[in-house]
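Everything below concerns the one structure shown next.
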Amino acid sequence: MDFIEDDEQLYEHFRMEVDKGQDPVRIDKYLSEHQPHSSRNRIQKAADAGFIHVNGSPVKSNYKVRPGDVVTLMLDRPHYDTTIEPEDIPLEVVYEDDDLMVINKPAGMVVHPGCGNFSGTLVNAIAWHLKDLATYDPNDPEVGLVHRIDKDTSGLLVVAKTPDAKTSLGKQFFNKTTHRSYNALVWGNFVEDEGRIEGNIGRDVRDRLRMDVFPPDSEIGKPAVTHYRVMERYGYVTLVECILETGRTHQIRAHMKHIGHPLFCDERYGGTEILRGERTASYKAYIQNCFKLCPRQVLHAKTLGFVHPTTGEQMDFTSEWPEDMAALIDKWRNYIRNKS
């Protein structure tokens, strides 16, 4: 992290006053105890960069706080208001009642506000859809989305309208009693018709935006299991159904890459390379046309099943492939038909 320039404008993100009875203690230790979401190492780096101030002046991480000190975090960017505001964005609502709603999310829509995406998200759209429901507060973590899918993944999600519904649905996801299946187009052909992938999912040490797979007994990452079944074979790529036992970040994408079958057109996991097929110019042009037809990882949350939190009824939903994925699959079906 670079040091800040003396004339660079800083913005206050956090302020607190040290208690009168506080014993002298290093500021990095003090802040890590009072800011549970920030690690001591991260606080030390912020202090080294000149972002931790006491009584208006920057201090190092070994500074010892004293009673009455005013500690501020001063960053080189404005503090962004993370309040979720309703936005009039179209939603495809598959099902809705007083307790919940099931949504078919399009590819390209971010699920939740985050770095670089503070508006135009699915959560903003839900807030608009439910803006007349007095009991629904989009900023209340006890209601809202129960699970997430990636920005460029399409398919089904469930939203809880009440705290009781979210608690019930959350327990079902935690206890792995929900039923979820995904359809994915992956590179390569499979020897077997079905299989099981087990491997912990954790951050890639070389690329923090990507997940990696580690041995189940390594204590690195979180345990993850994916079951897959071949649906259709197209020679150089395969359409598979994936069923999750767990719901880790990028689980299907990381697991499939791990076994040598990255998702087709998944740039982050190497799927935009021509990994199988012919060396001819016509084949390369064909693949590039495929990438243009569906310019994202080909992954769709196809089915979703759970027990209704109030009625106890089993609820099962299925969504059709979006147009880009359907067109791509048709293109591969025609390709293999013409070759044979």
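Values for this structure:
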item: Amide H contacts under 5 Å for A224, placed H, 5+ residues apart; result: G199, N200, I201
item: Amide hydrogen neighbours beyond the local backbone of F14, cut-off 5 Å, H modeled; result: L73
item: Peptide ranges 162-172, 48-58 listed from the most packed, as the mean C-beta count within 10 angstrom indicates; result: 162-172, 48-58
item: Listed residue pairs exceeding 19 Å between alpha carbons, taken from K176/K257; K151/K176; K176/K222; result: K176/K257; K151/K176
item: Interchain or long-range residues, amide H under 5 Å from V94's placed H; result: V102, I103, N104
item: Whichever lysines have a C-alpha closer than 20 Å to that of K60, once near sequence neighbours (fewer than 8 apart) are set aside; result: K29, K45
item: Total formal charge among the other residues, if their Cβ is under 10 angstrom from that of N200, Lys/Arg +1 and Asp/Glu -1; result: -2
item: Whole-number percent relative contact order across segment 186-274, with pairs defined as alpha carbons under 8 Å at least 6 apart; result: 31 percent
item: Derived scalar couplings ³J(HN,Hα) [segment 194-208; Karplus, 6.51 cos²θ - 1.76 cosθ + 1.60; whole Hz; x for Gly, Pro]; result: 7, x, 9, 10, 10, x, 4, 9, x, 5, 5, 5, 9, 9, 6
item: Whole-number percent relative contact order across the chain, with pairs defined as alpha carbons under 8 Å at least 6 apart; result: 13 percent
item: Shape call, segment 92-151: gyration tensor on alpha carbons, a/c limit 1.5; result: oblate
item: Whole-Hz ³J(HN,Hα) from phi, Karplus 6.51 cos²θ - 1.76 cosθ + 1.60, for segment 171-177, glycine and proline x; result: 5, 5, 5, 5, 7, 6, 9
item: Karplus 3J(HN,Hα) series, Hz, for segment 132-145 with 6.51 cos²θ - 1.76 cosθ + 1.60 (x for Gly, Pro); result: 8, 8, 4, 7, 9, 10, x, 9, 8, x, 7, 9, x, 4
item: Cβ-placed point charges (K, R +1; D, E -1), dipole of the chain about Cα centre in debye, nearest 20; result: 1400 debye
item: Within the chain, helix-based [θ] at 222 nm, where runs of 4 or more DSSP H residues each add -39,500 (n - 2.57), nearest 500; result: -6500 deg cm²/dmol
item: Ordering of 298-310, 185-197 by burial proxy (mean other Cβ atoms within 10 Å per residue, highest first); result: 298-310, 185-197
item: Solvent-accessible surface ranking, highest first, for F317, F174 at 1.4 angstrom; result: F174, F317
item: Probe 1.4 Å, accessible area per residue of the chain, Å²; result: 54 Å²
item: Cα shape, segment 188-337, gyration tensor, a/c 1.5 rule; result: oblate
item: For segment 186-204 versus segment 205-249, the gap between their alpha-carbon centres in whole angstrom; result: 5 Å
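The values are calculated or read from the model by the stated rules, or taken from the named source; none is laboratory data. Given the structure is predicted, the values throughout are model-derived calculations rather than measurements. Virtual Cβ from ideal backbone geometry, glycine too; neighbours counted across all protein chains shown. Side chains are part of the model used for accessible areas, which takes the heavy atoms of the whole protein and leaves out ligands, DNA and RNA. Shrake-Rupley method; radii C 1.70, N 1.55, O 1.52, S 1.80 Å.
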